[in-house]
Amino acid sequence: MTANGWFQVFFFFALVLLCAKPLGVYMAHVFEREHTWADRIFRPIERLIYRLTGIDETHEMAWTEYAVVMLLFSLVTMLVTYAIERLQQVLPLNPQHLAAVAPDLALNTAASFTTNTNWQAYVPETTMSYLTQMVTLAYHNFFSAAIGIALAVALIRGISRRESKTLGNFWVDATRASLWVLLPGCLIYALLLVSQGVVQNFRPYDQAKLVQPQTVTTTGTDGKTSTQTVTTQSIAQGPTASQEAIKMLGTNGGGFFNANSAHPFENPTPLSNLMQMFSIFLIPAGLTVTLGRMTRSPKHGWAVFAAMATLFLVGVFVAYYAESQPNPLLHSVNQHVTATQAGGNMEGKEVRFGIANSALFATVTTDASCGAVNSAHDSFMPLGGLVPMVNIMLGEVIFGGVGAGLYGVLIFVVLSVFIAGLMVGRTPEYLGKKIESYDVKMAMLYVLIFPLSILGFSAVSLMMPNLGLSALTNTGPHGLSEILYAYTSATGNNGSAFAGLSANTHWYNLSISAAMLIGRFLMIVPMMALAGNLARKKMVPPSPGTFPVHTPLFTVLLVGVILIVGALTFFPALSLGPILEHLLMHAGKTF
């Protein structure tokens, strides 16, 4: 670890902290229908959309209607995405004449982008046409993010409203999230990315002549090997900057290229790397301020922010420390910091980013359910790879995805308040609302669905040698980590991977599709039920026994509850994966 590396970490965090309040206040104005500077631009467009679609913007929805409308909208758009993938060979904007996507992979991709996961079991530049990338995948990048924001706002309304049967209007909230927040941000962001060298065009791929021809040996399906000399390389390109912007700002993460944000056409400079990390955290951090403003308790919003920030900084420290250490199995290699090398574990990392920015990016992208990567998580040291996995296992609540991170952490807030009430022997209260048995049941249902999907699918895959284990390129504890990470990433709607797992198989495409849909939609239902129940409650004045939710003590309790739930649930699996791998590596054993 170096002073320069830590300076970059704290500069990034200071930038997020500086911008969280103005953005959070702005979003509070947007969703409370208060005046903003953007009304003159977007209000006429909003009215036109409602007029064309027949939406009554004054109509308020109960939690059941809100949830059903959201589920049906997501289902229809997922089916449309599947259809376009299957028909892309006969559709325009396909200069490379790419074939139709296979049925199981098309389903996996449609589910992935609908759920804001962006898990990619394919090579984008050789699988998806420009039309598929723009019309379906980028579309979902916008609306899956907008839906997450809308759901978080609905839960905030459930907390702040009293004796109300409604939580707002899904169509209005999703439209406002897109028009007022995502679209203007992406327009400016895409131009900044272009200024750094991110490509934006519709040209067919270029063919570059190699300076040194390469001899390649391949094995065919019949088992015979063939050798050929390669003299040219295909240089993929396309409308990258426009999709890179919403990929990061919407915490989607799916790359236009297979190398994702390690590719120089997606992330060419240190400044573009900083912008990408900053944009991942920007909206989730701002939503904590929105929470404080809409509930009329700004200090509570900052207490939630402090809990997220604490977990983030701990994760960065562990990942940075682990990756800065020399690999104990490489005895003959100088792995210390010098004027000509970064030192530590540089395997799977871009030289232009180094260890500090690779560890920081890995922590940020898994804290925020983004899944974009600028390094290979599979090549991290065991404890370095443990950090991204644990970040997701904690429920993607360390800032989390846009909207999803906030409503996820509010579930833990309810559990924390409930535990505090048990400790003092009083009915727990949260911002003037009594937390009763129904609320705790819905919160626990939300919490239990998550590990059931991860551990259940992982166990089944480990028990089936011909389906689950045959896709592994590593054995031993790291092989376990690859499978565990895949289902953790899918259920957490993150999308990153330990890429040693060859996931483009019938089993993994279908099972990971199910995990992504469970992690998104099955968990939303109890959250919305909780929001609806809170909205119906009366406000009660605080009493001497009320546990304050704006103090450092509350922040400590919230962090403790998040860690305890994650540790108790996943520690046995982690002890057989990355923890065991770390111990065996220091004992001189490899797999």
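The values are calculated or read from the model by the stated rules, or taken from the named source; none is laboratory data. Fair warning: this is a prediction, and the values are worked out from it, not measured in the lab. Heads up, the Cβs are rebuilt from the backbone with ideal geometry, glycines too, and the neighbour counts pull from every protein chain shown. We work out accessible area using only protein heavy atoms, side chains counted, and drop any ligands, DNA or RNA first. Shrake-Rupley method; radii C 1.70, N 1.55, O 1.52, S 1.80 Å.
So here's what we get for this one:
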| quantity | calculated |
| --- | --- |
| Label-point separation, residue 234 to residue 7 (7 Å along Cα→Cβ), nm | 4.4 nm |
| Solvent accessible area, Å² - residue 448, 1.4 Å probe, full protein context | 100 Å² |
| Protein accessible area in the stretch 419-510, 1.4 Å probe - carbon and sulfur % | 69 percent |
| Cα centre as origin, Lys/Arg/Asp/Glu Cβ charges: the stretch 192-283 dipole, Debye | 100 debye |
| Separation of alpha-carbon centers, the stretch 16-55 and the stretch 474-522, rounded to whole Å | 36 Å |
| Relative contact order computed over the stretch 466-590 (Cα-Cα under 8 Å; 6+ residues apart), in percent | 30 percent |
| Computed lengthening from residue 539 to residue 459, 0.36 nm per intervening residue step minus Cα-Cα distance | 24.3 nm |
| Fraction of accessible area attributable to carbon and sulfur, the stretch 289-417 (%, probe 1.4 Å) | 62 percent |
| Probe 1.4 Å, accessible area per residue of the chain, Å² | 40 Å² |
| Label point distance in nm, residue 195-residue 352, each placed 7 Å from Cα along Cα→Cβ | 1.7 nm |
| The chain, relative contact order [Cα under 8 Å, separation at least 6], % | 19 percent |
| Cα-based Rg / Dmax (Å) for the stretch 125-219 | 21.6, 74 |
| Net +/- balance of residues flanking residue 293 in space, Cβ distance below 11 Å, scoring K and R +1, D and E -1 | 0 |
| Sequence of 247, 537, 434, 441 from largest to smallest accessible area, 1.4 Å probe | 441, 434, 537, 247 |
| Mean Cα-pair separation over length for the stretch 114-222, i.e. relative contact order, pairs under 8 Å, 6 or more apart, % | 24 percent |
| log10 of Debye I(q)/I(0), alpha-carbon scatterers only, for the stretch 287-415 at 0.20 Å⁻¹ | -1.03 |
| Sum of side-chain charges, residue 124 neighbourhood, beta-carbon under 13 Å (Lys, Arg +1; Asp, Glu -1) | -3 |
| Accessible area (Å², 1.4 Å probe, nearest 10) - residue 546 | 40 Å² |
| Residue-count net charge about residue 29 - beta-carbon cut-off 12 Å; Lys, Arg +1, Asp, Glu -1 | 0 |
| Calculated FRET efficiency for the pair residue 53/residue 521, C-beta based, R₀ 30 Å, to 0.05 | 0.85 |
| The chain - charge dipole about Cα centre, Lys and Arg +1 at Cβ, Asp and Glu -1, debye rounded to 20 | 1300 debye |
| Sequence of 510, 179 from largest to smallest accessible area, 1.4 Å probe | 510, 179 |
| For the stretch 387-513, the Rg and Dmax computed from alpha carbons only, in angstrom | 17.9, 55 |
| Selected from 308, 358, 410, residue furthest toward positive end of dipole (the stretch 301-453; charges at beta carbon) | 410 |
| Computed [θ] at 222 nm, helices only, for the chain once each DSSP H run of length n ≥ 4 contributes -39500 (n - 2.57) | -19000 deg cm²/dmol |
| Efficiency of FRET from Cβ geometry, residue 466 and residue 218, R₀ 25 Å, rounded to 0.05 | 0.50 |
| Signed unit charges on C-beta, dipole axis of the chain, positive-most listed residue 59, 541, 467 | 541 |
| Within straight-line cross-link reach of residue 537, lysines at Cα separation under 28 Å, skipping those fewer than 8 residues along the same chain | 165, 299, 433, 434, 441 |
| Residue 347 - accessible surface, heavy atoms, 1.4 Å probe, Å² rounded to 10 | 110 Å² |
| Solvent-accessible area, 1.4 Å probe, carbon plus sulfur percent, for the stretch 1-49 | 71 percent |
| Probe 1.4 Å, all protein chains present, accessible-area order of 263, 586, 140, 35, largest first | 35, 586, 263, 140 |
| Space enclosed by the convex hull of the alpha-carbon atoms of the stretch 459-506, per residue, Å³ | 74 Å³ |
